[in-house]
Amino acid sequence: MHHFALRDGVLHAEDVSLETLAEAIGTPFYCYASATLVRHARVFREALACLDDPLLAFAVKANPNISVLATLAREGYGADVVSEGEMRRALAAGIPPERIIFSGVGKTRAELAAALAAGIYQLNVESEAELVALGEVAAALRTRAPIAIRVNPDIAAGGHAKIATGKAETKFGVPIAEVPELYARAARHPHLAPVGVAVHIGSQVTDLAPMEAAFERLGTLIARLRREGHAVARADLGGGLGIPYDPALPEPPSPARYGAMVARITAGWGVRLAFEPGRLIVGNAGILVARVIATKRAGGRTFVILDAAMNDLIRPTLYGVFHDIRAVRPRPGQMVATVVGPVCETGDQFAEDRPLTPLEAGDLVALMTAGAYGATMASTYNSRPLVPEVLVSGADWALVRPRQTLAALLAQERLAPWLEERP
Ligand code: LLP
């Protein structure tokens, strides 16, 4: 469910025409619908309503725009962050530290110290080495670090091998068999306070069975830790619930089904649960709007060349995944086209031999479901400035990140002193 729909033949974001936005700010640009953000935040909260005060920590990596974070902060969401940069953004957006979880497989000592100084809710520890480092950093700061051990449950899940994190052979988490010893070690440390366990097995998960299996393993682990005399007050179940990208495919399990499964598995755990949804909240709330630069026929194919490219939205080329492509003002009829960007790589392609409504140079198109892992994964490859982001709310819109100028792009760099004299 989202708020991008045709009105009088033109695609709108809520009450704002995408043609109007394109005129005002140029293309390409990302556009987010507040109504969809809020709706998804509420649907997920509703799905977990039977739990006692869960912490909903939005995975900032999915969309770190501060206005997006501030929208979710107003819905009572916290943040799951994986770098000091993400933590600073969450705080800047008004998310209180007591709703921030710091995850990630390789936190630096500087990041650990920044997280402790900010007084966040919890740090999810992913290795023995990190536990040792955090103990030292906390001792130096004369504080006690609230930690959860991220467990690797050895369960595969996720829409793509590159985003499956739950198998034993991945870099993520502590092997489940080693957790009791590490937990005991943390409990003995004067500057560490083990408060619970965490798990996250993958992203774009479209089958609840592996999640259920991972949560069951976590439940067994919690019972064992308690038998060994430890307090376990919290369990973080991560994110990962998939969303629909391709209208031709069956819908992934709903948040309500996920919530019912969680309630069933965790009944009797006696912990405060935390969740780290990213894609589910922002995926459908964003689109990338681009203009057709030209069309051409080559090798028996019709190519539609957009002014957006793989540097702006890398998901299709990185993971080979589907994003729906719609004309902003659809014409009657049909064409089959390969939709590409201007970057000098064959992989700079959004869709291959895709049935579309007819497109011509100058037309606007929307790449749908680009709110998660879209703008945040953009780069300036081919010296293309970072694309602006617009947030819509009803009939209002705001440029929440202006287009990077070429001057700003070049100003980042310095000439090496020995090159300053012209030959
Ligand atoms: N928690 C942790 C520890 C994570 O690593 C992730 C995602 C999440 C939560 C949020 O997962 P979500 O609910 O969004 O599935 N760039 C990829 C996705 C990478 C996901 C990485 N971790 C893509 O474009 O599909």
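Summary of values
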{"quantity": "Verdict on Leu112 being of a type in the set (A, V, I, L, M) and farther than 29 Å from Arg224 by Cβ", "calculated": "no"}
{"quantity": "Residue count for the range 1-29, restricted to those that are among the small types (Gly, Ala, Ser), open to solvent by 30 Å² or more (accessible area, probe 1.4 Å) and more than 23 Å from Ile281 (Cα to Cα)", "calculated": "2"}
{"quantity": "Residue in the range 163-184 that is within 16 Å of the ligand (Cβ to nearest atom), among the basic types (Lys, Arg) and open to solvent by 40 Å² or more (accessible area, probe 1.4 Å) present", "calculated": "yes"}
{"quantity": "Residue within the range 232-248 that is within 27 Å of Asn284 (Cβ to Cβ), open to solvent by 60 Å² or more (accessible area, probe 1.4 Å) and away from the ligand (no atom under 16 Å from the Cβ) present", "calculated": "yes"}
{"quantity": "Failed condition for Thr71, given (1) touching a strand residue (DSSP E or B) at 6+ places or on another chain (Cβ under 6 Å); (2) away from the ligand (no atom under 12 Å from the Cβ); (3) of a type in the set (Ser, Thr, Tyr)", "calculated": "(1)"}
{"quantity": "Selection status of Ala49, open to solvent by less than 10 Å² (accessible area, probe 1.4 Å) and either aliphatic (A, V, I, L, M) or away from the ligand (no atom under 16 Å from the Cβ) (or both)", "calculated": "no"}
{"quantity": "Test: Pro190 is within 23 Å of Ala133 (Cβ to Cβ), surrounded by 15 or more Cβ atoms within 10 Å (Cβ to Cβ), touching a residue at least 40 places away in the same chain (Cβ under 8 Å) and more than 16 Å from the ligand (Cβ to nearest atom)", "calculated": "no"}
{"quantity": "Every residue from the range 126-148 that is open to solvent by 70 Å² or more (accessible area, probe 1.4 Å), in a helix (DSSP H, G or I) and either within 22 Å of Ala235 (Cβ to Cβ) or in contact with a Gly (Cβ under 7 Å, 6 or more places away or on another chain) (or both)", "calculated": "Glu128"}
{"quantity": "Selection from the range 76-105 of residues that are touching a helix residue (DSSP H, G or I) at 6+ places or on another chain (Cβ under 9 Å), farther than 20 Å from Met377 by Cα and within 16 Å of the ligand (Cβ to nearest atom)", "calculated": "Tyr77, Gly78, Ile95, Arg99, Ile100"}
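One line per residue, one yes/no per condition, for (1) among the charged types (D, E, K, R); (2) open to solvent by 50 Å² or more (accessible area, probe 1.4 Å); (3) within 16 Å of the ligand (Cβ to nearest atom):
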| position | (1), (2), (3) |
| --- | --- |
| Val292 | no, no, no |
| Val328 | no, no, no |
| Pro342 | no, yes, no |
| Thr346 | no, yes, no |
| Ala370 | no, no, yes |
| Asp396 | yes, yes, no |
| Pro402 | no, yes, no |
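The values are calculated or read from the model by the stated rules, or taken from the named source; none is laboratory data. On a predicted model such as this, the values are computed, not experimentally measured, just so you know. Quick reminder, even Gly has a Cβ in these numbers, built from the backbone with ideal geometry, and neighbours come from all protein chains shown. The area values use the complete protein model at the heavy-atom level, side chains included, leaving out ligands, DNA and RNA. Shrake-Rupley method; radii C 1.70, N 1.55, O 1.52, S 1.80 Å.
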